[in-house]
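So the structure is just underneath, and the comments pick up after that.
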Amino acid sequence: MKKRIHVLVAAAVLAVPAISYSAGISDAELSATTCFSCHGPEGKNVGGAIPALAGYPEKVMVEQLKNFKSGQRPSTVMQRHIKGYSDAEIEDLARYFSTLKP
């Protein structure tokens, strides 16, 4: 009986971070935070050659990111960043950025 209680307590303690994480932000929102250092806070670039991502059309972004990933679109940095993402993650990121106000 004591062992069973210890197992239940341990399971509950380990579940708390997962529950609080899932109640917080989506995977796409979390992944998007890595984009902010170059593309500006919340994807709202303040100028320069790097484009703003907030409000970017979802279909266009999906196509461009997949082209970076495949090497079809040349880049200095983006191919290295995006190659770790699955197509589904790319689509989720694009959907998230398309919902942000520019």
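The values are calculated or read from the model by the stated rules, or taken from the named source; none is laboratory data. Bear in mind that the values here come from a model prediction, so they are computed numbers and not experimental data. Glycine gets a Cβ as well: all are built from the backbone with ideal geometry, and neighbour counts include every protein chain shown. These accessible areas exclude ligands, DNA and RNA; they are computed on the full protein's heavy atoms, side chains included. Shrake-Rupley method; radii C 1.70, N 1.55, O 1.52, S 1.80 Å.
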Pairs, please: C-beta under 7 Å, at least 6 apart or cross-chain, first residue among the hydroxyl-bearing types (Ser, Thr, Tyr) and in the stretch 52-68, second part of a helix (DSSP H, G or I)? Tyr56/Phe97; Tyr56/Ser98
With the requirement that a residue be at pLDDT 90 or above, polar (S, T, N, Q) and exposed (fewer than 14 other Cβ atoms within 10 Å of the Cβ), what does the stretch 18-40 give you? Ser26, Thr33, Thr34, Ser37
So which of Lys66, Lys59 is at pLDDT 95 or above and open to solvent by less than 70 Å² (accessible area, probe 1.4 Å)? Lys66
List the pairs whose first member sits in the stretch 81-98 and is farther than 17 Å from Cys38 by Cα, whose second member is among the charged types (D, E, K, R) and open to solvent by 70 Å² or more (accessible area, probe 1.4 Å), and whose Cβ atoms are under 9 Å apart, counting only residues at least 6 apart or on separate chains? Glu89/Asp27; Asp92/Asp27; Ser98/Lys59
Looking at (1) open to solvent by 40 Å² or more (accessible area, probe 1.4 Å); (2) at positive phi, which is the only condition Gly43 fails? (1)
Restricting the search to the stretch 79-100, which residues are open to solvent by less than 50 Å² (accessible area, probe 1.4 Å) and over 14 Å from Ser31 (Cα atoms)? Ser98, Leu100
